[in-house]
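Since the structure comes first, as structure tokens, the remarks are kept for the end.
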């Protein structure tokens, strides 16, 4: 496996190995293990996608257990292990790391890797989805936008972050409007149909093409100032929607 590229088949094989590792460590406590994210709902990028897995157990894992669960998997390279992103909770979805949008993803798209008992979360309503999106996710994206737009040079470690920042408005506005989660391609197509006023769809489309081709985003870096415009437009669109509904 060369460079940063991980094929979808290799990612799924790794997820299956992770599943067996988890079952070997805490098997009696596991009710289900699933693929979510782009491996489940589509749009996996060999260069840029994470390997998103959901783990549901009888009771919540403690910090020590979680550290072991997210450690290296024997026989698999760091290029795979570094992609692993774990969403975890107990059978009541009472804690852990399982935000509302990922619960929606689990409900609509999850691919079972192991299932002893089918346990599903309650579907978050659109109001809960919007409250979630407007809080921590938007705050983190805004901070990243401000950081990236101020850079003088785009290093390799920021390639993925820069593309994600450019593509985030598509995913954000799709989920804001629908209460669902989908691939970058479908979210961008959704924006093309809706054509929100003031949103730079061209830079989003070119970022999507770059991601899908697995290319460096250096050619887009000269337009990093547009990130601030994307931020401002998303703030205006969501604020207008909230004002109208109240």
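For percent of Cα pairs over 29 Å apart, which listed value, (1) 22; (2) 33; (3) 27, comes from the coordinates shown?
(2)
Take 53, 69 and order them by how many other Cβ atoms sit within 10 Å, fewest up front.
69, 53
Take every Cα pair under 8 Å in the stretch 8-115 that's 6+ residues apart, average their separations, divide by the length, and report that relative contact order as a whole percent.
35
I'd like the orientation of helix 159-178 relative to the chain: the angle between its Cα long axis and the longest Cα principal axis, in ° from 0 to 90, rounded to 10.
In the chain, helix 159-178 runs at an angle near 90 degrees to the longest axis.
Taking neighbour Cβ counts within 10 Å as the exposure measure, how do 26, 181 sort from fewest upward?
Listed from fewest to most nearby Cβ atoms, that is 26, 181.
Relative to the longest principal Cα axis of the chain, at what angle does helix 8-26 sit, 0 to 90 degrees, rounded to 10?
40
Looking at the square roots a ≥ b ≥ c of the eigenvalues of the Cα gyration tensor of the stretch 73-118, which shape do they give, rounded for a/c under 1.5, prolate if a/b is larger than b/c, or oblate?
Taking the square roots of the gyration eigenvalues as a ≥ b ≥ c, the stretch 73-118 is prolate.
With contacts defined as alpha carbon pairs under 8 Å and 6 or more residues apart, what's the relative contact order of the chain in percent?
19 percent.
By count of other Cβ within 10 Å, fewest leading, how are 204, 73 ordered?
Fewest to most other Cβ atoms nearby, the residues stand as 73, 204.
Listed highest first by mean packing, meaning other Cβ atoms within 10 Å per residue, what order do 117-130, 84-97, 33-46, 164-177 come in?
164-177, 33-46, 84-97, 117-130
With a ≥ b ≥ c taken as the square roots of the eigenvalues of the C-alpha gyration tensor of the stretch 8-115, please select rounded if a/c is under 1.5 and otherwise prolate if a/b is larger than b/c or oblate if it is not?
oblate
Where in the stretch 47-88 is the amide nitrogen less than 12 Å from a point lying 7 Å along the Cα-to-Cβ axis of residue 26?
55-71, 87-88, by backbone N distance to the label point.
Quote the relative contact order of the stretch 81-222 in percent (integer), defining contacts as alpha-carbon pairs under 8 Å separated by 6+ residues.
Result for the stretch 81-222 is 20 percent.
Between the helical axis of 201-213 and the dominant principal axis of the chain, each derived from Cα atoms, what acute angle in degrees is found, rounded to the nearest 10?
Once rounded, one gets 40 degrees.
Read-outs: derived from the displayed coordinates by stated rules, not from any lab. Treat the numbers as computed from the prediction; the structure is a model and nothing was measured. Note that each Cβ is placed from the backbone with ideal geometry, even for glycine, and that neighbours are counted across all protein chains shown.
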